Amino acid sequence: MAEPSAIPEPTRRLAPQARWVWRIYWALGSTAALMAGRFVGDEAPGALALLLWALPLASLVIGTPVLPELRWRRWRWEVREGEIDLMRGVLVVRRTLIPMGRVQHVESERGVLEQSLGLASVEVHTAAGSHRIPLLTDYDAGLLRAQIAELARMGDEDERERPREAAKPEGGEAPGGDADDG
Amino acid sequence: MGERLHPAAIAVFAVAALRDAALPALVILGVSVLGGGLDADALLRALGLAVLGTAGAAAIGTIRWATTRYGLAGDAIRLRAGWLSVKEVEIPFTRVQALDVEQGPLQRLFGVQAVHVQTGGGGAGGEIVLGALAPADVVRLQELVAGRRPQALPEQRPPVPERRLSRRMLLVAALTSGQLGVILPLLAGFSQVADDLFGDPQEGGRAVAGALPDSAGEWALAAGGLLAVAWLLAALGTVVAFAGFAVRREDDALRMRRGLLQRREVTLRVARVRAVRVVEGVLRQPFGLATLRVEVVGYAKEPAAAQTLFPLLRAADVRPLLAELLPELADDPGGLEPPPPRARRRYLLPPAAVALGAGAVAAIALELPWLLAAGLAGGAYGELRWRAAGWRLAGGRLAVRSRMLARSTVLAPARDRESHDLAQTALQRRARLAHVEVAFGKRTSARVRHLDLDVARGLWAALSRAEPTSTAHRGGARKGRGAPLSPPYAHEGRR
């Protein structure tokens with residue numbers, strides 16, 4: 001979708017190998033569905049049985065090459081000083097803005113498949129939930145994690161140096177402790 | 001180090017131990033009674049077990065009391081508890097959000113109070129719990145914490161009288177608290193039907209088709225009974241939780257009292273309140289009544305009652321009450337901008353289609369064609385959701401209304417958001433519509449569906465400009481939107 005005024009769309013992409021991870025997962029999922037469909041389909045009446053194996057087959061043959069590619073092309077992200085900007089989705093295009101000051105902690109995660117391809121996912125936690133930037137290169141993920149943690153910390157220091165104009169006594173509120181990444 | 005709790009803590013710990021052991025004990029008891037048949041011998045054995053259990057609990061209580069020490073060391077509250085495995089907790093005064101005082105039946109018996117030291121760390125209950133303290137010790141603790149905490153700027157407010165929930169309103173609240181009561185029996189009913197349908201595909205289907213019409217009276221009776229029980233339980237729960245409810249604004253905190261058996265006094269720091277929800281339940285909206293809930297940082301795991309700002313009030317009183325208790329968040333819940341008229345069918349059609357589908361399946365299975373009318377009910381539900389939908393962003397305050405079952409209006413400063421989304425489904429693309437969703441916490445998310453795309457973009461962009469100068473949680477005022485950071489790795493090819 002076109003960009004809302006004033007804020008440029010994010011430009012950074014996921015690692016190109018991400019497509020392979022998604023293709024593998026999609027193919028595995030479709031195959032499992034196909035087998036399950038065959039298994040259940042024996043019991044079901046004609047039209048339903050047809051549907052039960054045709055759908056997973058279509059998903060396997062057409063979905064595997066198309067969807068991961070689309071998904072990868074749609075996924076964009078950007079980390080700015082004030083916020084994290086995410087844009088993604090095939091059927092539902094979703095753009096999310098997370099103010100940097102709201103980041104509680106950042107973690108990165110690598111599954112077995114991801115490890116073998118040198119990929120990692122970064123998860124950004126806020127008080128309302130978490131947001132995931134999947135399948136970056138290890139290198140990007142590490143830097144991103146460090147960068148977000150650093151920016152979030154900078155926010156805290158700003159807070160401490162500011163004169164306390166807002167009548168909020170809690171130095172204790174500034175989460176020096178829990179803003180550190182995991 | 002430190003001091004012991006009041007000896008009444010022995011009883012408190014013992015009862016806690018008994019409660020923890022109650023379920024396994026009941027199982028053992030049940031097995032032994034059932035196994036041996038119900039005779040004098042079994043009864044004697046059960047009695048023996050009960051005596052043994054009580055003695056054990058008393059011993060555990062004594063040990064826990066003897067090994068628990070709390071103290072005020074330097075600028076922190078400390079707790080050291082445990083015998084075999086020792087737990088030590090230390091909370092600096094600056095991190096103490098509140099000392100919540102609670103008095104259950106047991107504490108009342110001994111004239112002591114339980115203190116929860118809250119840091120808003122996110123767990124349920126206090127991060128340190130002192131099970132029994134003499135009132136004088138509680139006061140001393142409160143004074144110490146209040147004294148050590150950096151003083152709030154004396155933002156002098158005229159003392160405000162406490163707002164109380166009248167007996168009459170408590171009764172009304174209890175009678176109309178049946179949201180759960182509406183859903184539970186329905187679910188039970190459906191699961192029963194499903195059971196009959198799929199438990200034994202051939203027999204069951206025929207049995208249901210044949211048996212349902214003539215046992216309809218029984219069905220209604222069973223459903224009615226379930227409904228009544230659920231209703232009663234919900235009402236009782238409301239009375240127990242909210243009897244004697246009172247709330248008062250005091251400088252930078254809200255002080256609340258509530259509870260019938262368990263008297264609680266809770267302090268809620270305003271800085272941690274992210275959003276207010278005006279919830280008009282299905283049974284309450286027709287009478288112009290609403291509940292006020294708050295989204296509090298780190299409170300997601302506390303029970304719903306702990307997140308209630310006021311259990312029941314007239315919708316017309318919402319604004320004045322908020323202005324008095326939470327002027328930081330007060331806003332008019334009315335006068336919102338609806339989505340464009342062309343969005344209406346998008347609110348109506350999906351629930352109508354789902355209900356029609358379900359109705360069709362049921363109609364075929366039960367041979368009751370009138371069940372197709374479920375489609376109409378679905379459409380009506382969609383219409384209600386459409387009528388509820390609305391939004392406003394004015395002066396940095398966001399107000400968003402929506403309906404699932406209850407009609408709920410989120411009021412919050414835009415800068416207190418945790419994140420915000422602009423989402424467009426494939427079906428919305430041609431109609432140029434989009435959703436906007438603003439998250440304020442684990443339980444509060446303000447969502448407006450099917451806005452005009454340009455309006456949605458405008459709203460989203462305006463939210464993006466509302467700099468999160470959070471009142472407390474963190475994050476100073478940002479100096480405008482920086483350029484995308486060109487990270488050192490931007491040009492560094494991908495391995």
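The values are calculated or read from the model by the stated rules, or taken from the named source; none is laboratory data. Since we're looking at a predicted model, the values are computed, not measured. Glycine also receives a Cβ, built like all others from the backbone with ideal geometry; neighbour counts cover every protein chain displayed.
Scanning segment A:110-125 for residues that are under 24 Å from B:HIS420 (Cα atoms) and either charged (D, E, K, R) or out of contact with any Ser or Thr (no Cβ under 6 Å at 6 or more places or on another chain) (or both) returns A:SER121, A:GLU123, A:VAL124, A:HIS125. Restricting B:LEU72, B:LEU109, B:LEU52, B:LEU47 to residues that are assigned to a strand (DSSP E or B) and either modelled with pLDDT of 85 or more or more than 14 Å from every other protein chain (Cβ to nearest Cβ) (or both) narrows the list to B:LEU72. Residues considered: B:ARG19, B:ARG64, B:ARG80, B:ARG95. Of these, the only one that is in contact with a Ser or Thr (Cβ under 9 Å, 6 or more places away or on another chain) and farther than 22 Å from B:GLU265 by Cα is B:ARG80.
Filter segment A:111-129 down to the residues that are in a strand (DSSP E or B), surrounded by 15 or more Cβ atoms within 10 Å (Cβ to Cβ) and not hydroxyl-bearing (Ser, Thr, Tyr) and list them by number. If the condition is that a residue be in a strand (DSSP E or B), surrounded by 15 or more Cβ atoms within 10 Å (Cβ to Cβ) and not hydroxyl-bearing (Ser, Thr, Tyr), then A:LEU119, A:ALA120, A:VAL122, A:GLU123, A:VAL124, A:HIS125 are the ones that fit.
B:ARG345 fulfils the conditions (1) farther than 30 Å from A:MET87 by Cβ; (2) charged (D, E, K, R); (3) free of Cβ contacts under 8 Å to residues at least 12 places away in the same chain except for a single criterion, (1). Within the set B:ALA290, B:ALA305, B:ALA315, the sole residue that is surrounded by 22 or more Cβ atoms within 10 Å (Cβ to Cβ) and either modelled with pLDDT of 90 or more or touching a strand residue (DSSP E or B) at 6+ places or on another chain (Cβ under 8 Å) (or both) turns out to be B:ALA290.
Scanning segment A:135-169 for residues that are buried (at least 22 other Cβ atoms within 10 Å of the Cβ) and modelled with pLDDT under 50 gives a single hit, A:GLU159. Of all residues in segment B:352-407, those being surrounded by fewer than 16 Cβ atoms within 10 Å (Cβ to Cβ) and of a type in the set (Lys, Arg) number 1.
Across segment B:401-445, the qualifying residues are those that are more than 9 Å from chain A (Cβ to nearest Cβ) and among the β-branched types (Val, Ile, Thr), and the one among them that is farthest from B:LEU329 (Cα to Cα) is B:VAL436. For segment B:93-106, filtered to residues that are assigned to a loop (DSSP other than H, G, I, E, B) and not β-branched (Val, Ile, Thr), the residue that is nearest to B:GLY74 (Cα to Cα) is B:GLN97. The set of residues in segment B:303-339 being away from every other protein chain (no Cβ under 14 Å) and charged (D, E, K, R) consists of B:ARG314, B:ASP317, B:ARG319, B:GLU324, B:ASP331, B:ASP332, B:GLU337. Please work out if A:LEU119 is in contact (Cβ under 8 Å) with a residue 40 or more places away in the chain and over 30 Å from B:HIS450 (Cβ atoms). Spelling it out, A:LEU119 is indeed in contact (Cβ under 8 Å) with a residue 40 or more places away in the chain and over 30 Å from B:HIS450 (Cβ atoms).
In the set (1) surrounded by 19 or more Cβ atoms within 10 Å (Cβ to Cβ); (2) part of a helix (DSSP H, G or I), the condition left unmet by A:ILE24 is number (1).
Taking first residues from segment B:267-287 that are farther than 30 Å from B:ALA98 by Cα and partners that are among the small types (Gly, Ala, Ser), the Cβ contacts under 7 Å between residues at least 6 apart in sequence or on separate chains come to B:GLY281/B:ALA406; B:VAL282/B:ALA406; B:LEU283/B:GLY178; B:ARG284/B:ALA290. Would you confirm whether or not segment B:458-465 contains a residue that is farther than 13 Å from B:LEU393 by Cα and surrounded by fewer than 22 Cβ atoms within 10 Å (Cβ to Cβ)? Scanning segment B:458-465 turns up no residue that is farther than 13 Å from B:LEU393 by Cα and surrounded by fewer than 22 Cβ atoms within 10 Å (Cβ to Cβ).
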